[in-house]
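Undergrad: Next up is a structure, given as structure tokens.
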Amino acid sequence: MADGKQITGTELAQQKGLGIDTERYLDDVQLAKGLIENAEQNNGKLTNSDIVFALRNLLKMKYYPVAVKYFFSETELEAFKKNVDYQVAFRPYTFCHFVAASRQRGDILLGTSDKLGCTNAKYVMGWKELDEGEIKSHLKYTKDWDQAERFINTKKRLPPGLLAFATAPLHRAPYVPDVIHGISDVLQSYHLGNDWCAAHDTHPFSMVMTMNSSICHGCVQCWVTKQPNITPMCSSSKTAGKTEQGEINWIWPGDQMEPTVHWMLERTVRDGGVSFSRTGETYPGLDICKLCSFLVFKKPKKL
């Protein structure tokens with residue numbers, strides 16, 4: 001502060017020649033323009049850090065998107081083990097727990113069959129075959145044994161030969177992700193789905209729900225079909241500590257996230273804000289008495 005006048009973040013950054021221009025980053029349009037400028041300096045592509053920054057600051061997402069990698073190559077797996085500072089599970093955990101640790105804590109993790117404690121995940125990842133135990137785990141959802149077996153057989157599976165999988169927060173991922181998993185509230189996922197449709201010139205957006213395997217099968221299905229998905233959590237996912245506030249899953253093919261977010265930035269510049277609820281406003285989940293038309297704020301009349 002000089003002469004009683006508060007200095008702005010922009011002025012401070014200009015004076016110091018360093019630091020973060022917080023004033024610019026708190027302006028939706030200026031932030032979007034800045035990230036697009038980053039892409040222009042990177043052969044037209046946003047970096048993973050740019051994508052995470054946009055999701056956190058424009059769509060207000062709370063958690064890191066998780067980059068998932070499936071290792072079918074011994075050479076790739078050995079290179080990962082040699083060059084990456086990663087962690088392994090102390091005991092067998094669910095695939096959801098691997099993803100949660102990367103989402104919430106930023107861990108880079110390597111999972112193997114002996115450290116995967118969920119039979120549903122092992123089945124869709126090709127690490128076990130269909131057996132009585134798998135069918136029994138679906139009986140509570142179905143009318144009878146035959147229906148449970150038929151339903152399980154509709155699930156996608158990875159091809160044989162999976163050696164391991166890795167999870168990491170997208171901005172720290174030391175590999176090109178096969179799929180990207182995130183959780184958010186429903187309206188945030190709606191924004192992503194709409195932006196994918198526009199960016200890829202495809203409509204409608206298809207959503208697929210399967211019994212008893214939202215995250216593990218969701219990621220496998222995305223890898224197999226090369227299509228994004230938005231789908232509810234499994235039963236008990238919240239009480240098991242795998243979600244935080246009853247959020248929904250979104251899963252994107254690794255190479256389709258950048259175009260989705262790039263278009264989100266372009267329309268933010270075009271419309272003046274990221275929100276679909278009220279076009280051009282800053283908050284994607286604006287909820288003021290269901291957008292009541294009586295709640296109006298305006299500039300006062302000049303005297």
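The values are calculated or read from the model by the stated rules, or taken from the named source; none is laboratory data. Note that this is a predicted model, so its numbers are computed, not measured. With ideal geometry, Cβ positions are generated from the backbone for all residues, glycine too; neighbour counts draw on all protein chains shown. Accessible surface areas use protein heavy atoms only, side chains included; no ligands, DNA or RNA. Shrake-Rupley method; radii C 1.70, N 1.55, O 1.52, S 1.80 Å.
Undergrad: Which value, in Å to one decimal place, does the Kirkwood hydrodynamic radius take for segment 93-151 when every pair of different Cα atoms is included?
TA: 12.8
Undergrad: Among the aspartates and glutamates, which fall within straight-line cross-link reach of Lys60, defined as a Cα-Cα distance under 15 Å, with same-chain neighbours fewer than 8 residues apart omitted?
TA: Hits, sequence-local ones excluded: Asp27, Asp28, Asp50, Asp185, Glu247, Glu281, Asp287.
Undergrad: Still on this model: Rounding to the nearest 20 debye, state how big the charge dipole of the chain is about its Cα centre with +1 on each Lys and Arg Cβ and -1 on each Asp and Glu Cβ.
TA: 780
Undergrad: Taking square-rooted eigenvalues a ≥ b ≥ c of the alpha carbon gyration tensor, is segment 154-262 rounded, prolate or oblate, where a/c under 1.5 means rounded and, failing that, a/b exceeding b/c means prolate? It would help to have the intermediate numbers written out before the result.
TA: On the way: a/c = 1.32, a/b = 1.09, b/c = 1.22.
Rounded shape, in that the Cα axes give a/c under 1.5.
Undergrad: Here's another thing I want to ask about it. Per residue, how many Å² of accessible area does the chain show with a 1.4 Å probe?
TA: For the chain, the per-residue accessible area is 54 Å².
Undergrad: For q = 0.09, 0.13, 0.15, 0.23 Å⁻¹, what log10 I(q)/I(0) does segment 53-174 give under the Debye formula with an equal point scatterer on each alpha carbon and no solvent?
TA: -0.32, -0.62, -0.78, -1.24
Undergrad: Once you keep just the Cα pairs under 8 angstrom separated by 6 or more residues, what percentage relative contact order results for the chain? Mind showing how you got there, number by number?
TA: On the way: 472 pairs, mean separation 64.8, N = 303.
Relative contact order for the chain comes out at 21 percent.
Undergrad: If you line up the Cα atoms of segment 90-244 on their principal axes, what length do they span on each, largest first, in Å?
TA: Dimensions of segment 90-244 along the principal axes of its Cα atoms: 43, 38, 32 Å.
Undergrad: A further question follows. Rounded to the nearest angstrom and ordered from largest down, what semi-axes does the equivalent ellipsoid of the chain get from its C-alpha gyration tensor (root of 5λ)?
TA: Values: eigenvalues 314, 118, 58 Å².
Those come to 40, 24, 17 Å.
Undergrad: Let me ask something else. With the dipole of segment 7-154 worked out from charges on the C-beta (+1 for Lys and Arg, -1 for Asp and Glu) around the Cα centre, which of Leu35, Thr94, Ile108 lies farthest toward the positive end?
TA: With unit charges placed on the Cβ atoms, the residue in question is Thr94.
Undergrad: Could I ask something else about it? With viscosity set to 1.002 mPa s at 20 °C, what whole-number translational diffusion coefficient in µm²/s follows for segment 138-209 from Stokes-Einstein and a Kirkwood radius over Cα pairs?
TA: Working: Rh = 16.2 Å.
The calculation lands on 133 µm²/s.
Undergrad: Let me ask something additional. Here are some pairs, Lys45/Lys81; Lys82/Lys128; Lys115/Lys226; Lys33/Lys301; which of them have Cα atoms lying more than 31 Å apart in this structure?
TA: Violating the 31 Å Cα-Cα cut-off are Lys33/Lys301.
Undergrad: Among Pro228, Leu303, Gln245, whose Cα sits farthest toward the positive end of the charge dipole of the chain (+1 at Cβ of Lys/Arg, -1 at Cβ of Asp/Glu, about the Cα centre)?
TA: Ranked along the dipole, the leading option is Leu303.
Undergrad: Here is a follow-up. Answer with one residue from Thr119, Leu55, Cys219: the one whose Cα lies farthest towards the positive end of the charge dipole of the chain, charges on Cβ with Lys, Arg +1 and Asp, Glu -1.
TA: After comparing all options, I get Leu55.
Undergrad: Show me 211-223, 273-285, 80-92 ranked by packing, highest mean number of other Cβ atoms within 10 Å first.
TA: Result, highest mean Cβ count within 10 Å first: 211-223, 273-285, 80-92.
Undergrad: Hull surface divided by four, with the convex hull built on the Cα atoms of segment 25-81: how many nm²? Mind showing how you got there, number by number?
TA: Details: hull surface 22.0 nm².
Average of the hull's projected areas for segment 25-81 equals 5.5 nm².
Undergrad: Which percent of the accessible area of segment 157-199 is formed by carbon and sulfur heavy atoms (probe 1.4 angstrom)? Could the numbers behind the result be given before it?
TA: Working: 850 of 1430 Å².
That fraction is 60 percent.
Undergrad: Divide the volume of the convex hull of the Cα atoms of segment 170-233 by its number of residues and quote the answer in cubic angstrom per residue. Working shown, then result.
TA: On the way: hull volume 6.8 nm³, N = 64.
Convex hull of Cα atoms, per residue: 106 Å³.
Undergrad: Also, I was wondering about something else. Using a 1.4 Å probe on the protein heavy atoms, what percent of the accessible area of segment 73-151 belongs to carbon and sulfur?
TA: Of the solvent-accessible surface of segment 73-151, carbon and sulfur hold 50 percent.
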